[in-house]
1. Looking only at the stretch A:1-43, how many residues end up being modelled with pLDDT of 90 or more, within 16 Å of ligand 1 (Cβ to nearest atom) and part of a strand (DSSP E or B)?
2. List the helices (runs of 4 or more DSSP H) that sit entirely inside the stretch A:368-460 and contain at least 3 residues that are touching a Ser or Thr at 6+ places or on another chain (Cβ under 9 Å) and away from every other protein chain (no Cβ under 13 Å).
3. For chain B, give me every one of the strands (runs of 3 or more DSSP E) that falls completely inside it and has 3 or more residues that are more than 7 Å from chain A (Cβ to nearest Cβ) and modelled with pLDDT of 90 or more.
4. Just for the stretch A:52-74: of the residues that are at pLDDT 90 or above and among the acidic types (Asp, Glu), which one is farthest from ligand 2 (Cβ to nearest atom)?
5. Cβ-Cβ distance below 7 Å, separation of 6 or more or different chains: which pairs start in the stretch A:274-303 with a residue that is under 26 Å from B:LEU65 (Cβ atoms) and end on one that is modelled with pLDDT under 90?
6. Are there any helices (runs of 4 or more DSSP H) wholly within the stretch A:565-638 with 2 or more residues that are of a type in the set (Asp, Glu), and if so which?
7. Report every pair of residues separated by at least 6 positions or lying on different chains whose Cβ atoms are under 6 Å apart, first residue within the stretch A:542-557 and within 23 Å of A:GLY339 (Cα to Cα), second of a type in the set (Ser, Thr, Tyr) and in a helix (DSSP H, G or I).
8. State which residue is farthest from ligand 2 (Cβ to nearest atom) when the search covers only the stretch A:7-27 and only residues that are within 14 Å of chain B (Cβ to nearest Cβ) and not small (Gly, Ala, Ser).
Amino acid sequence: MEKREIKIALTGNPNVGKTTLFNALTGSRQHVGNWPGVTVEKKSGRVSYKEYDIEVIDLPGTYSLTAYSMDEIVARDFIIEEKPDVVIQVVDASNLERNLYLTTQLMELGSEILIVLNMCDIAEERGDRIYIEKMQELLATPIIKTVATQKKGICDLLDKVIAQKEVEQHHGHEIGYGSEIEDKILEIEKALSEDENRDKRYPLRWVSIRLLEGDSNVKRKISDSPVYGRVMEIIDSIDQEEYEAEIADKRYLAINTIFPQMCTRANDTLTKSDMIDRVLTNKYLGIPIFLALMWGAFELTFAFATPFMNMIDIASTWFADYVSSSLQPEWLASLVGQGIIGGVGAVLVFVPNIFILFFLLSLLEGSGYLARAAFIMDKLMYKIGMHGKSFIPMLMGFGCNVPAIMAARSIEDEKDRLITILIVPFVSCGARLPIYVLFAGTFFGRQAGTVIFAMYVLGIVIAIISAKLLRGTIVKGKPAPFIMELPPYRFPTLKTSIIHMWDNGFMYIKKAGSIILVGVVVIWVMASFPWGVEYGSEESYVGSLGHAVEPLLKPLGFDWKISVALIFGLVAKEIVVASMGVLYGSGDSSEALSERLLADPGITALSSLSLMAFSLLYMPCVATVGVIKKETGSWKWTMFAIVYGVAVAWITAFVIYQGGTLLGY
Amino acid sequence: MLDIQETTLDTLKPGEKARITKVRVKGAARRKLFDMGMVAGADIELVRNAPLGDPMDYRIKGYHLSIRKEEASQIFINRL
Ligand SMILES: Nc1nc2c(ncn2[C@@H]2O[C@H](COP(=O)(O)OP(=O)(O)O)[C@@H](O)[C@H]2O)c(=O)[nH]1
Ligand SMILES: [Mg+2]
């Protein structure tokens with residue numbers, strides 16, 4: 001028998017258990033992607049239940065359906081345009097009042113809604129009492145109690161979904177906004193309804209209310225309409241801000257009148273979460289604990305990842321050698337071995353790093369600490385023209401810039417997010433360390449540690465200066481206001497963290513992989529042609545390019561060999577070291593390379609310092625460029641990141657080399 | 001009328017409670033604050049300042065909301 005299809009969407013405030021419920025519903029049969037055109041994550045999964053095939057979509061968590069962030073626009077457009085059969089609002093039973101604000105907005109959208117009262121265990125433990133019958137009656141929607149973490153109430157939920165789909169009742173629970181506003185709503189509705197070609201999926205009343213609230217997204221949607229002028233006349237005649245306040249007041253008033261009838265809250269006692277906060281955000285302890293946690297997370301990332309990274313490195317080197325020696329003809333062996341496997345392997349090495357980073361990040365997020373990290377760091381970040389939420393992406397950048405840029409998604413404000421994405425590449429990632437180790441170790445002997453540390457500091461300083469610079473020029477304005485919930489501390493679930501890690505790690509492999517492949521092949525072609533030259537030699541195109549750019553890099557103290565190494569380094573920065581190995585014909589032994597570098601009069605301690613600074617700054621690696629493109633959705637900003645990086649690197653290296661020369665080093 | 005002095009939210013000390021009378025914040029933040037329950041008539045309590053002094057951790061409608069002093073100074077309240 002053919003199964004019947006039902007499409008349901010999960011919506012709700014952040015942190016109410018949507019993802020946990022989604023996982024409980026769909027098991028492992030899920031698919032993560034992006035909403036077309038925007039970087040908000042989209043998850044969909046399927047569940048077979050009785051004679052139904054149910055598609056579940058996990059919408060981004062939102063506090064309301066205004067147009068404050070991309071998430072909110074995605075959520076409401078999905079509900080209106082895709083018309084899921086049932087919209088399920090997941091509600092945190094221990095935080096009902098604020099959760100119901102979204103309910104009032106969902107009801108205005110005119111969709112079939114169903115409320116899931118999740119986290120019932122917490123509410124019960126605290127001694128809250130919720131009268132389900134009364135609540136169903138007052139809100140005129142079915143309500144299902146669940147504990148998503150224990151998979152309680154899932155079957156009940158699915159039964160109700162089916163019932164809802166079959167019955168097709170329409171609940172017309174509407175909020176009245178008082179005669180003055182209602183008159184305006186009617187006026188706008190009337191004007192709008194005269195446009196025969198309007199998008200009929202959008203309820204007139206909803207559009208009217210949105211316009212009165214000054215929703216620019218909705219305004220844009222009707223800007224082509226012949227009645228646009230008339231509507232704008234009405235909008236311009238009112239005191240926008242007053243209306244906005246009045247409408248929100250009325251919604252909360254509606255909640256306040258029904259709320260006491262359906263719930264009695266236990267007396268406000270000091271919760272466990274409050275007690276934890278007394279320590280973790282304590283005036284004196286807050287910062288030391290924060291630093292210790294971040295340091296620990298960092299150490300853990302590297303300690304756990306290193307053996308896996310070594311394994312991948314060894315395996316890919318072996319594989320590349322094996323392929324090179326067994327494939328025919330020779331050019332193909334070189335393309336696949338040296339080019340594709342070598343290049344892709346260099347990037348795959350970071351996969352363990354990224355997986356662990358995302359796992360730890362998910363633990364921090366799930367526990368509620370990430371919000372505190374932003375809370376603690378906001379003042380400092382604000383001083384450099386950034387938002388508290390930018391701190392985590394920047395910190396992650398020390399591991400790898402790619403997940404760091406992906407993590408910037410949690411920043412709502414577009415400008416804040418853009419600046420974060422643009423400055424993360426200056427944070428010295430793990431891949432740059434081998435370069436410092438080689439050159440500092442070779443030329444600075446016992447001062448090597450200090451030099452390496454100075455490189456990390458240089459990256460941070462450049463990032464800060466860049467943030468200030470961008471704020472003053474092309475991304476004008478102040479950081480967005482900090483308005484953030486500090487959710488209660490919870491024990492993060494292992495399963496959610498593992499899924500999160502897997503999704504993001506896999507996304508990295510996919511996204512980085514495709515772009516890297518292209519980059520690697522381009523570089524291989526340049527290093528192998530014209531036909532017959534030795535790979536990456538002076539006569540190859542790369543060699544010619546090295547010679548061509550040499551005059552530009554000469555003032556920084558670089559000869560053509562270093563230029564070539566830097567060009568190779570575009571794929572992944574640690575390749576700079578590997579290609580120095582090739583160019584100096586020293587094989588894989590770093591000691592041999594050190595000796596030859598010392599013997600080469602073309603490289604001095606000063607030029608190696610200049611080279612380290614240049615490698616740190618000059619351009620994000622191919623994987624990072626790919627992610628910048630993906631996350632900003634714009635070639636313009638991607639090009640900017642590249643050009644700006646090169647310019648900054650050139651100036652910095654120039655100052656170091658020429659300054660040093662002047663001082664007589 | 002009761003004789004209560006109207007002040008702004010940023011003057012609240014940890015542990016003190018107040019009722020919001022007017023939100024004068026402008027722009028996108030205005031609506032976001034409304035969404036989060038910062039509407040006239042709502043009760044609010046300052047729980048603590050962040051370790052560096054700003055932002056603040058308030059309790060409103062049974063949950064914790066953090067905003068900066070800058071926004072708090074544009075929200076009017078009556079102390080309770
Ligand atoms: N005690 C309890 N915790 C839950 C329940 N549902 C989810 N959680 C926890 O709440 C946190 C947030 O859940 P998540 O699914 O990520 O929320 P989302 O932001 O809405 O997707 C996680 O730590 C979950 O383990 C529940 O019913 N009871
Ligand atoms: Mg989620």
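The values are calculated or read from the model by the stated rules, or taken from the named source; none is laboratory data. Quick caveat: nothing in here was measured; it's all calculated off a predicted structure. A quick note on method: Cβ atoms are made from the backbone with ideal geometry, for glycine too, and the neighbour counts reach across all protein chains shown.
1. Number of matching residues: 5.
2. A:391-396, A:401-407, A:414-423, A:433-444
3. Of the strands (runs of 3 or more DSSP E) lying wholly inside chain B, those with at least 3 residues that are more than 7 Å from chain A (Cβ to nearest Cβ) and modelled with pLDDT of 90 or more span B:17-23, B:43-49, B:56-60, B:75-79.
4. So the residue we want is A:ASP53.
5. Note: pairs meeting the criteria are A:MET294/A:LEU395.
6. A:590-599
7. A:GLY546/A:SER563; A:VAL549/A:SER563
8. A:ASN13
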